[in-house]
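Nothing in this text is a laboratory measurement; each read-out follows from the coordinates by a stated rule. Small disclaimer: the values here were computed from a predicted structure and weren't measured. All Cβ positions, even for glycine, are placed from backbone atoms using ideal geometry, and neighbour counts span all protein chains on display.
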Amino acid sequence: MMIKTGGNPAGFIDSIQFEFAEWNWVMDFLGCTGISVFQSKNPALIVIDVQQAIDHFDNEYRNNPDAEKAIALLLEYWRKTGLPIAHVRHASKFPDSPYHPESPHFKFKSETMPADSEEVFTKSENCAFIDTDLEQWLVSQRVTELVICGVLVNHSVDATVRVAAGKGFRVLLPREATAAFPLRRLDGKEASAEDVYWIFLSNLAGEYAEIVSVSDFCG
């Protein structure tokens, strides 16, 4: 994959319209004039672990089934504005994992397939910064703000957000663009996917990230 140089094209948030009218919250985008929530000229979109492998675990209890559609909407926005995009994929060290590079489920999902001009980083740990060149690439692009999305909010998204904040990046996390599965607690009880989702978002809010809506990128 080639590295796409970021920039701030003239009118980069003007006249942006999207055609994902199946969601009520997407209606905020239609006809928007573009009131930016960004504090810099070159915010990067980081898409984490949106691979076919996630469906291997999906027993219909995952919350936010439209997360991939929300991520596709973000990708459309970034591509139209010419801002930097990075995709992160997980390569498991365990041969029987659906995330192993030799697994048929290792590929990116079709809704969020990287374009040829977009950077791809491969990780083997939970955090996208560990043993990858992600930080060096962000520095080379002069990026200070990150919009992080992907799966799962209680795994690699959480780990990446925390490390990014610790490295000094301003982090925005669109709540529609991530998801969670139910979690078996140590006391034997089960936390629903919706509870896991909101607990992790709430725990990240403020100290590590600004929890936003996809529609916040247009006013």
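Near L201, once Lys and Arg are set to +1 and Asp and Glu to -1 for all other residues with Cβ below 14 Å from its Cβ, the sum equals -4.
With the simple model of a label 7 Å out from the Cα in the direction of the Cβ, A91 to E210 spans 3.5 nm. At an R0 of 35 angstrom, the distance between the Cβ atoms of W137 and I199 translates into a FRET efficiency of 0.65.
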